[in-house]
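Only one structure is covered here, and it is reproduced in the block below.
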Amino acid sequence: MDKNCDTISPKTEKFFCRIIRQLFNLDELVHILVALTLVVIALCMLGHTATYFMELNDVHSLLKAVNMVLLVLIVMELLWPVLSFLRKEPFTLNPFIYVCIISSIRRILIVEAEMSIGHYDHKAYALEIGISVGTIFVMTIVHYIYNKGHILEKRCSLPESDDEQQ
């Protein structure tokens, strides 16, 4: 069945074409609503973070502020795939790789801060830091391989010029 539904077809096929068109429209509407929701969530979290800056009288407030700012970055990175979809751009894993790396860095900062004020077990500290560092390392390798693959794919798909063919 043709996605554009421009071909002449029986009544049932036209009916299904109309349904498919409406489903595509609903899909775009849902993606727009998701994008708007992510922006509203990020703005609300930034507003909430501002309250921690007003209470910067202790380390816990500072930790909460840093934690919230990094969480806003994560939410904004999740917005990119939705916007790419709405612009009809190809899907990419990069925003999800970035979210994983930011989440790991966020956890390292929080664990380090909790450890510095004595609220953390040394064994759990070492294990959690090790897992987070390992995750960052693996995601960095994944990012490199993924992007290198795209570069090679583009090079291989370029048509050869007349000079190279001779």
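Brief remarks follow.
- The set of residues from the range 69-98 being in a helix (DSSP H, G or I), under 16 Å from His31 (Cα atoms) and hydrophobic (A, V, I, L, M, F, W, C) comprises Val75, Met76, Leu78, Leu79, Trp80, Val82, Leu83, Phe85, Leu86.
- Test result for Arg87, at pLDDT below 90, surrounded by fewer than 13 Cβ atoms within 10 Å (Cβ to Cβ) and either more than 30 Å from Tyr146 (Cβ to Cβ) or outside the structural domain of Met139 (by TED's automatic domain parsing) (or both): no
- Close pairs from the range 127-150: first farther than 18 Å from Pro95 by Cβ, partner surrounded by 12 or more Cβ atoms within 10 Å (Cβ to Cβ) and among the aromatic types (Phe, Trp, Tyr), Cβ under 9 Å, at least 6 apart: Glu128/Tyr120
- Selection within the range 31-59 - surrounded by 15 or more Cβ atoms within 10 Å (Cβ to Cβ) and touching a residue at least 24 places away in the same chain (Cβ under 8 Å): His31, Val34, Ala35, Leu38, Ile41, Ala42, Met45
- Boolean, Leu33 is in a helix (DSSP H, G or I) and more than 24 Å from the chain's Cα centre (by Cα): no
The values are calculated or read from the model by the stated rules, or taken from the named source; none is laboratory data. Everything quoted here is computed from the prediction, not taken from an experiment. As a convention, Cβ positions derive from the backbone with ideal geometry for all residues, glycine included, and neighbour counts pool all protein chains shown.
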